[in-house]
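The values are calculated or read from the model by the stated rules, or taken from the named source; none is laboratory data. Keep in mind that this is a model prediction, so the values were computed, not measured. With ideal geometry, Cβ positions are generated from the backbone for all residues, glycine too; neighbour counts draw on all protein chains shown.
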Amino acid sequence: MHIRPGHFTLEQLQAIHAGGASLALDDAARGQIAASAAVVQRAAAGKAPVYGVNTGFGKLASTRISEADLATLQLNLIRSHSVGVGEPLAPQIVRLVLALKAGSLARGASGVRQQVVDALLEVLNAGLAPFIPSQGSVGASGDLAPLAHMTLALLGEGEFLVDGERRPAAAVLKEHRIEPLQLQAKEGLALINGTQVSTALALHGLFAFEPVLESALVIGALTVDAARGSDGPFDPRIHALRGQPGQIDVAKYYRALLAGSSIRASHTEGDDRVQDPYCLRCQPQVAGACLDQLRHAALVLLREANAVTDNPLVFADDATMISGGNFHAEPVALAADAMANAIAEVGAIAERRIAMLIDSNVSRLPPFLAADAGLNSGFMIAHVTAAALASENKSLAHPASVDSLPTSANQEDHVSMATFAARRLQPMIANVAHILAIELLAAAEGIEFLRPLTSSAPLEAAHALLRESVPRFERDRFFAPEIERAAALVHAGALARALRQIPGLPALWTPV
């Protein structure tokens with residue numbers, strides 16, 4: 001895969017995230033990289049103070065550094081800033097970090113040499129993942145601590161994760177015949193300034209949630225049939241009058257998923273229910289609004305993935321270096337917060353659908369979906385688990401971006417908290433996947449009570465897929481393993497295929 005700096009596509013980022021993609025820099029970028037590096041080299045040899053080149057960092061920016069110590073300055077920066085704690089970032093996240101940092105530096109506005117970009121790509125293409133602790137960044141002045149750990153591995157002083165084990169970087173680089181990087185003026189600062197970790201974490205959340213959201217649409221449609229709900233709320237005329245694109249698309253998904261259901265045909269007449277509960281009727285409005293938020297987040301994150309976010313920036317055309325604040329990750333923080341709200345809402349309405357299914361007064365199915373209720377408790381406590389997870393997500397969805405905390409002796413007095421905003425998406429997605437797993441089990445059980453009537457072809461395919469690993473609940477049995485099996489189908493995108501195989505439907509993420 002050729003990198004054209006500033007032109008990553010979402011599909012390319014997904015391929016890098018998945019692994020196996022080998023990256024090569026477009027030759028056209030090399031001239032701009034060399035030109036910006038020359039500007040820095042001239043500044044390093046000059047007498048004027050230039051932040052990060054011949055001065056200290058942060059609150060120490062007024063401290064001048066002698067020319068003889070400029071390389072040591074960069075090395076000390078990496079060592080002192082490698083202060084992360086917590087579990088390491090997963091390899092697919094680290095792959096994105098390496099690729100995004102290489103792409104950013106290759107735009108030729110950071111003043112690094114070609115060797116720096118080449119080192120990042122060499123490590124990435126070798127399948128190596130620097131050990132990067134997940135905690136320690138506030139998402140301003142760049143993701144300093146995690147990017148310092150990444151850089152320390154390139155220098156041969158840090159560590160790599162190899163088969164889940166931490167190993168000394170020097171030995172790993174030697175095994176792969178990769179020379180440790182030697183830093184020159186500004187290069188350490190350019191490597192650790194930037195929003196690449198926050199952005200990679202947020203993209204990881206976006207990519208991980210895509211099959212979960214697709215599964216939510218399939219499961220939500222199955223619940224409509226299990227509860228003998230109406231397909232009237234999905235009529236395209238309703239949604240055209242509102243004009244919200246996500247809502248219009250979700251209604252189209254539901255129409256396609258429910259088309260041809262004999263269950264629906266069985267109660268088009270003589271049904272005394274005038275309107276379905278909101279958890280059925282308002283699915284396009286709720287899931288559609290979530291989809292719009294996620295599509296917007298994808299657009300913001302793609303811009304950020306292609307951005308230059310270190311400081312100071314180098315403009316080779318007029319040989320100037322200008323200090324700014326592109327390292328502030330507020331766009332990523334706000335996008336991640338919007339994603340968190342959308343993720344939480346997908347789980348919240350799914351929990352309500354479970355509650356509806358087990359309530360015989362509403363669903364008109366046996367109480368708690370138990371064939372012999374009383375002797376069997378059915379889905380009574382499985383719903384409690386779903387409620388617990390939905391409630392947990394409400395707390396996790398609290399916006400991280402509003403919680404600024406000054407750092408660096410008040411020099412860096414407003415920060416984004418984007419790294420945590422993006423990192424917290426993973427437990428939220430896991431919670432939603434388990435809620436949806438419980439709904440899938442419940443909806444499938446509801447369909448069983450309506451036999452010999454059948455649902456639509458896509459929904460029957462989803463039902464059959466579940467039954468390959470989870471038989472019908474004819475009586476109470478050990479429930480937890482069944483939830484995990486169903487959750488695996490949600491996470492892996494197996495259920496999503498029921499949606500993707502229907503021709504003529506719009507893509508979930510609009511190409512950006």
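Scanning segment 251-262 for residues that are without any contact (Cβ under 8 Å) to a residue 40 or more places away in the chain and either crowded, with 22+ Cβ neighbours inside 10 Å or closer than 16 Å to residue 279 by Cβ (or both) yields a count of 2. One residue stands out among those in segment 367-407 that are surrounded by 17 or more Cβ atoms within 10 Å (Cβ to Cβ) and in a loop (DSSP other than H, G, I, E, B): the one that is modelled with the lowest pLDDT, which is 404. Considered as a group, the residues in segment 268-281 that are crowded, with 16+ Cβ neighbours inside 10 Å and assigned to a loop (DSSP other than H, G, I, E, B) include one that is farthest from the chain's Cα centre (by Cα), and that residue is 276.
Residues of segment 468-485 include at least one that is of a type in the set (A, V, I, L, M, F, W, C), free of Cβ contacts under 8 Å to residues at least 24 places away in the same chain, part of a helix (DSSP H, G or I) and over 26 Å from residue 336 (Cβ atoms).
Residues in segment 350-361 that are surrounded by fewer than 22 Cβ atoms within 10 Å (Cβ to Cβ), in contact with a helix residue (DSSP H, G or I) (Cβ under 7 Å, 6 or more places away or on another chain) and either more than 23 Å from residue 474 (Cβ to Cβ) or hydroxyl-bearing (Ser, Thr, Tyr) (or both): how many?
Total satisfying the criteria: 2.
Among the residues of segment 310-330, those that are surrounded by fewer than 21 Cβ atoms within 10 Å (Cβ to Cβ) and either part of a helix (DSSP H, G or I) or of a type in the set (D, E, K, R) (or both) comprise 317, 318, 330. The residue that is surrounded by the most Cβ atoms within 10 Å (Cβ to Cβ), among those in segment 282-309 that are farther than 25 Å from residue 216 by Cα and aliphatic (A, V, I, L, M), is 305.
Somewhere in segment 128-139, is a residue in contact with a helix residue (DSSP H, G or I) (Cβ under 8 Å, 6 or more places away or on another chain), among the aliphatic types (A, V, I, L, M), over 18 Å from residue 76 (Cα atoms) and at pLDDT below 95? Within segment 128-139 (the criterion being in contact with a helix residue (DSSP H, G or I) (Cβ under 8 Å, 6 or more places away or on another chain), among the aliphatic types (A, V, I, L, M), over 18 Å from residue 76 (Cα atoms) and at pLDDT below 95), the answer is yes, since at least one residue qualifies.
Residue pairs whose Cβ atoms lie under 6 Å apart, sitting 6 or more positions apart in sequence or on different chains, and linking a residue in segment 314-328 that is under 13 Å from residue 190 (Cβ atoms) and modelled with pLDDT of 95 or more to a partner that is of a type in the set (Val, Ile, Thr) and outside any strand (DSSP E or B), are 314/39.
Yes or no, residue by residue, for (1) touching an Asp or Glu at 6+ places or on another chain (Cβ under 7 Å); (2) surrounded by fewer than 24 Cβ atoms within 10 Å (Cβ to Cβ); (3) not charged (D, E, K, R):
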{"site": "215", "(1), (2), (3)": "no, no, yes"}
{"site": "218", "(1), (2), (3)": "no, no, yes"}
{"site": "225", "(1), (2), (3)": "no, no, no"}
{"site": "235", "(1), (2), (3)": "no, yes, no"}
{"site": "243", "(1), (2), (3)": "no, yes, yes"}
{"site": "249", "(1), (2), (3)": "no, yes, no"}
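Of all the residues in segment 125-137, those that are closer than 22 Å to residue 327 by Cβ and either surrounded by fewer than 24 Cβ atoms within 10 Å (Cβ to Cβ) or in contact with a His (Cβ under 7 Å, 6 or more places away or on another chain) (or both) number 6.
Restricting the first member to segment 379-390 and to residues that are free of Cβ contacts under 8 Å to residues at least 40 places away in the same chain, and the second to residues that are assigned to a helix (DSSP H, G or I) and surrounded by fewer than 22 Cβ atoms within 10 Å (Cβ to Cβ), the beta-carbon pairs closer than 6 Å and six or more apart or on different chains are 380/368. Scanning segment 49-66 for residues that are among the charged types (D, E, K, R) and in contact (Cβ under 8 Å) with a residue 60 or more places away in the chain gives a single hit, 59.
Residues in segment 460-494 that are surrounded by 17 or more Cβ atoms within 10 Å (Cβ to Cβ) and either within 19 Å of residue 263 (Cβ to Cβ) or not hydrophobic (A, V, I, L, M, F, W, C) (or both): 460, 462, 463, 465, 466, 482, 491. Pairs please, first residue from segment 67-84 and of a type in the set (Asp, Glu), second anywhere and buried (at least 18 other Cβ atoms within 10 Å of the Cβ) and part of a helix (DSSP H, G or I), Cβ atoms under 9 Å, 6+ apart in sequence or on different chains. Partner pairs satisfying both residue conditions: 67/44.
Residues to consider are 307, 333, 350, 289; find the one that is in contact (Cβ under 8 Å) with a residue 12 or more places away in the chain, closer than 24 Å to residue 137 by Cα and in a helix (DSSP H, G or I). Walk me through it before giving the result.
Working: 307 fails: in a helix (DSSP H, G or I); 350 fails: closer than 24 Å to residue 137 by Cα; 289 fails: closer than 24 Å to residue 137 by Cα.
It is 333.
Kindly establish whether residue 205 is within 21 Å of residue 51 (Cα to Cα), out of contact with any Pro (no Cβ under 9 Å at 6 or more places or on another chain) and not β-branched (Val, Ile, Thr).
no
In segment 204-231, the residues that are over 21 Å from residue 427 (Cα atoms) and touching a residue at least 12 places away in the same chain (Cβ under 8 Å) reach residues that are aliphatic (A, V, I, L, M) and assigned to a loop (DSSP other than H, G, I, E, B) with C-beta atoms within less than 6 angstrom, at least six apart or across chains, in these pairs: 218/495.
So for segment 27-46 (the condition being touching a residue at least 24 places away in the same chain (Cβ under 8 Å), touching a strand residue (DSSP E or B) at 6+ places or on another chain (Cβ under 9 Å), of a type outside the set (A, V, I, L, M) and farther than 28 Å from residue 81 by Cα), does at least one residue qualify? No, that holds for no residue. Within segment 34-56, the set of residues being surrounded by 17 or more Cβ atoms within 10 Å (Cβ to Cβ), touching a helix residue (DSSP H, G or I) at 6+ places or on another chain (Cβ under 7 Å) and either at pLDDT 95 or above or more than 19 Å from residue 109 (Cβ to Cβ) (or both) comprises 54 only.
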